[in-house]
1. Residue by residue through segment 386-402, which ³J(HN,Hα) values in whole Hz follow from phi under the Karplus form 6.51 cos²θ - 1.76 cosθ + 1.60 (θ = phi - 60°), with glycine and proline marked x?
2. Highest GNM mean-square fluctuation, the chain, Cα pairs closer than 10 Å: which of Phe209, Phe396, Phe353?
3. What residues of segment 336-372 lie in the reach of a label at Glu17, counting those whose backbone N is under 18 Å from a point 7 Å from the Cα along Cα→Cβ?
4. What percent do you get for the relative contact order of the chain when only Cα pairs under 8 Å and 6+ apart count?
5. Hey, can you grab everything whose amide H is under 5 Å from the amide H of Leu87? Only 5+ residues off in sequence or another chain; H modelled, so Pro and N-termini drop out.
6. Nothing charged except the Cβ atoms of Lys and Arg (+1) and of Asp and Glu (-1): what's the magnitude of the dipole of the chain about its Cα centre? Round to the nearest 20 debye.
7. Sort 194-205, 110-121 by the packing proxy (mean of other Cβ within 10 Å over each peptide's residues), most packed first.
8. Short version: ³J(HN,Hα) in whole Hz for each residue of segment 309-322, in order, from phi by Karplus 6.51 cos²θ - 1.76 cosθ + 1.60 (θ = phi - 60°), x for Gly and Pro, what are they?
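What follows is calculated from the coordinates using simple rules that are stated; it is not laboratory data. Predicted model only: the values in this text are computed from it and were never measured. Cβ: placed from backbone, ideal geometry, glycine included. Neighbour counts: every protein chain shown.
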Amino acid sequence: MDQVQNISILDYTYPLEDGQIAAYGLPQRDLSRLLIWKNGEITDERFVNLPNYLPEQSMLVFNNTQVIKARLFFKKLTGAKIEIFCLEPLNPIDYSQSFAQTECCRWKCIIGNLKKWKDEILEQQLTIGGKRVLFKAQKIRQLPNNTSEIEFTWDNPLLNFAELLESAGNIPIPPYLNRESETIDLASYQTVYSSIKGSVAAPTAGLHFTPAVIKGIQNKNIDCKELTLHVGAGTFQPVKAETIGGHEMHAEHFILSKTFIAELASFTGEIIAVGTTSVRTLESIYFIGCKVIEDPTLKPDQLTIGQWEPYKLQQLIYSRQEAFKALSDYLTNNKLTKLTSSTSIIIVPGYDFKVIGGMVTNFHQPQSTLLLLIAAFLGDEWKRIYAHALKNNYRFLSYGDSNLYLK
């Protein structure tokens, strides 16, 4: 594991000019370009033709998380503007329960202009669907990594927290777009299949899909399945350490149904992940299954994966079917209909993929953990792929073009 932790982040960079970063999505999502890499061969295509390149009898796994309007702005009496960026719920800790609250909830947040906000309670008057409500924010305590615990309260029990965010919040587009969010982002920064609220960033590999493309995939008898991983702001966190061992990976929460895990246990074809979030989730639940095989007495809240845990467990020789069956049986024995957990897994060169045989993804930032994940799958081929994309004017990052990588 020392060899993995000593990876220098400076070895995973490439020259990316501002003009190569897509500031907006295309009006027609599936007309994005698609770079296909298979067994060392590069093909230039359009995303609309993706179904033609997926292996027969494979499974495509989507992340159905939905981006919330996580950026709130309050004004102090002095006129100072305070931004509250909601990251994840603290009380209640369950996303759906937090969104359903009608009086109060607490979230972990990043505060913009924190020095200007002392101890006063911030408030704003809103009218939502003809209902007036006084919306308040109070700073409770400082948390690690420059975050704060914030308590939100409001005086109209006819409104829940989800409705308050929907009315008062702003969609949190990536900071590297260097612009404020616009009305167009409400639709374009959301996948067409998003359904479970909770992300503060889109699983952007899915932004290219349209109902027509999905139908084309299903017509080829390729299974389309869904999981939920709520993407955190940590996905944009730069690696500041010289070596990857000095980088603290963020945790992200995910949910998979027992039915889906049972299907994974019996599936023998190629599993292709749509996006790095699906990759991280699928690889994490393999190791959770291994942990259950090793110790069936684990409690549900122990079914998490730490940053470096997979590298300690990689010597385990269980097949993915064995791991998923053990996990499915564990859920049955514990009368659970779904796995609700979190992962801090960091996938870097030296990682041995246990589940996926391919992925759909975008082009990622230089010196990012997402680029390291790509390099873990492709080896040094990532350099040739990115050089080809730069030379051929592909559009980069969240609103940019797409890739399909197949071994």
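1. 5, 5, 4, 5, 5, 5, 9, 6, 5, 8, 10, 6, 3, 8, x, 7, 10
2. Comparing Phe209, Phe396, Phe353 in the GNM, the peak value goes to Phe353.
3. Answer for segment 336-372: 366.
4. 24 percent
5. Correct list: Lys108, Cys109, Ile110.
6. Dipole of the chain, to the nearest 20 debye: 720 debye.
7. Put in order of decreasing packing, that is 194-205, 110-121.
8. 4, x, 6, 7, 9, 5, 6, 5, 10, 6, 6, 5, 5, 5
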